[in-house]
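Each reported figure results from applying straightforward, stated rules to the coordinates on display, with no laboratory input. None of these values were measured; they are calculated from a predicted model. Every residue, glycine among them, receives a Cβ derived from its backbone with ideal geometry; neighbour counts consider all protein chains shown.
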Amino acid sequence: MGKTSKDKRDVYYRLAKEEGWRARSAFKLIHIDDYFKIFKDVRRAVDLCAAPGSWSQVLSKKIGNGEGGENAKIVAVDLQAMAPIEGVFQIQGDITKLSTATQIINHFEGDKADLVVCDGAPDVTGLHDMDEYIQHQLLLAALNITTHVLKEKGTFVAKIFRGKDITFLYAQLSLFFSSVTVAKPPSSRASSIEAFVVCQGYSPPPGYIPNMENPMMGGGYSEEFLKMHGITRMIVPFVALGDLSTFDSDTTIELEGGGLGYKSKDATQLPISPFYEESLSLRRKDALAKTEDMLSKLAVSSGSSSHLDG
């Protein structure tokens, strides 16, 4: 959340800065909890794909300093480095590796988590079918590690992109949880296909053994879905959280006086090693090379003019 974001006038962007959240996405988890009470009786929580850390901040505040008390333990996992958060143990690792699941369980001293959340999403390409497919694979990777670290009757919350093949994904989730609901928090823009799946009552199928080696989602979704019966074809309820009295996340607000007198706030937490760092460095080198080339040409041109004048 920098100063020049294209969404700088969004109300949740501003509220995040004012309240000290690292990203506006913090409000999405807060709104989900307001409706589903997912933090109730939670002592151990895991935040997958955690960077930059806004959901970990919420967990730290709501569980670490709240109902969870001194015994609360929170683990944040991401491939990228993340600035420290009070009360949050960080693992810089891959959620598709068994070693990461082992590290989580070790931090919980052999116990399993009451809650697993995941706000991870791919860098969108604009090709909707591709973006949805990659997001579904990411969610299933999160579900796969969740089956290793979540206790029975636990809760799993994750971001989804709603698309034409989403019913097969709901069917997969319904195999592992007694209740699966899709939620659209008011802080999530109405124009976005983003939503959040809230899975409660973790209860894996009899005889299921968590395994990182086998992917749970392959091709031919429509064909597979047609073969399903009973609970595997259930329709997942969709819930729009909040009401019309709250902020509109798609509306921007004009600054008073055309922006005069408005003071821009610094980002709550600057990126440690952003993925675009190398790209910026290459751009700077390219711009510097072009500038030097232009100055060289100007110098040659100036020298030629002086020669002719003489």
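Extension gain for the segment Q200 to Q137, taken as residue separation times 0.36 nm less the Cα-Cα distance, is 20.6 nm to one decimal. Label separation (D94 vs H128): 3.3 nm, computed from points 7 Å beyond Cα along the C-beta direction.
In this structure, the pairs whose alpha-carbon distance is over 20 Å, taken from K112/K153; K17/K61; K61/K151; K73/K112; K40/K153, are K61/K151.
Amide hydrogen proximity for A183: with H placed 1.01 Å from N in the peptide plane, the residues at 5 or more positions away or on another chain lying under 5 Å are F196, V197, V198, V239. Other residues whose C-beta falls under 11 angstrom from the C-beta of A50 contribute a net charge of -2, scoring Lys and Arg +1 and Asp and Glu -1.
Take the Cβ atoms of D243 and D286, set R0 to 51 Å, and the FRET efficiency comes out at 0.50. Using R0 = 30 Å, the C-beta based FRET efficiency linking I105 and K40 works out to 0.85.
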